[in-house]
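Single-structure report; data block below.
Just so it is clear, none of the values below were taken in a lab; they were calculated from the coordinates. Remember, predicted model here, so these are calculated numbers, not experimental data. A quick note on method: Cβ atoms are made from the backbone with ideal geometry, for glycine too, and the neighbour counts reach across all protein chains shown.
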Amino acid sequence: QVQFVESGGGLVQPGGSLRLSCVNPAVNFASEVVAWFRQVPGKQRETVAILRFNPDTYYLESVKGRFTISKDDAKNMVFLQMNSLKPEDAAVYYCNTIPNRLNSWGQGTQVTVSS
């Protein structure tokens, strides 16, 4: 199984922005429902955003209005634009399809929100 590769995380101050990217050459994102997830140590992974087929999206209540999921079919990439970041957004962020490709979870990308 080819794993998803997430990137774009980092350290940002509260109120800042990050744009996460996701690739997987074995997945044709154009024909998949895609999603971003996040996990903090000791807690279950939670679903942050789902992009079914434009413009049908789902967002975790706490990120509505701040995060935007999108994909570029030509580049076969998925993105998560995160604005107005809060300390509680800090986590490792992962992408995957829905239903999940269970053997393809990547390493994720760490997002740290701190002043």
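Once you list every other residue whose beta carbon is under 9 Å from the beta carbon of Phe37, what net charge do they have if Lys and Arg are +1 and Asp and Glu are -1?
Result for the local shell: +1.
Enumerate the calculated ³J(HN,Hα) couplings along the range 16-25 in order (Karplus 6.51 cos²θ - 1.76 cosθ + 1.60, θ = phi - 60°), each rounded to whole Hz, writing x wherever the residue is Gly or Pro.
x, 10, 9, 10, 8, 10, 9, 9, 7, x
Among bridges DSSP assigns within the chain, what percent are antiparallel (round to 5)?
In the chain, DSSP labels about 90 percent of beta bridges as antiparallel.
Net charge within 13 Å of Asn28 by Cβ-Cβ distance, Lys/Arg positive one each and Asp/Glu negative one each, not counting Asn28 itself? Walk me through the intermediate numbers first.
On the way: positive: Lys71, Lys75, Arg101; negative: Glu32, Asp72, Asp73.
Around Asn28, the surrounding residues sum to 0.
Once phi is turned into θ = phi - 60°, what whole-Hz ³J(HN,Hα) does the Karplus curve with 6.51, -1.76 and 1.60 give for every residue of the range 29-40, x standing for Gly and Pro?
Values per residue, Gly and Pro as x: 4, 4, 10, 10, 7, 10, 8, 10, 10, 9, 8, 10 Hz.
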